[in-house]
Amino acid sequence: MVTSTYHVKGMTCGHCVSAVSSELSALPGVSDVQVELASGQVAVTSAEALDPAAVRAAVDEAGYELVDA
């Protein structure tokens, strides 16, 4: 298992957390998504390392912005 941490910009409420979690959970191999609303940190646990483009696309689909580290 691999856990990767991302920073997502624009989340302000529980609905935001739900939208981001739902989109990221739909990615192949993802087993867990933990979102910390206050900091914008998102920890994604998956079977293998995720394609950064797929993560960005999922966050975009949810309506938010993935911030580059």
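Any read-out appearing in this document is the output of simple, stated calculations on the displayed coordinates, not a laboratory observation. Please read these numbers as outputs of a predicted model, since none were measured by experiment. Reconstructed Cβ throughout: ideal geometry from the backbone, glycine too, with neighbour counts over all protein chains shown.
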Return a yes/no flag: does region 34-47 have any residue that is in a helix (DSSP H, G or I), exposed (fewer than 13 other Cβ atoms within 10 Å of the Cβ) and touching a residue at least 12 places away in the same chain (Cβ under 8 Å). no
The residue from L24, L50 that alone is touching a residue at least 40 places away in the same chain (Cβ under 8 Å) and either at positive phi or buried (at least 19 other Cβ atoms within 10 Å of the Cβ) (or both) is L50
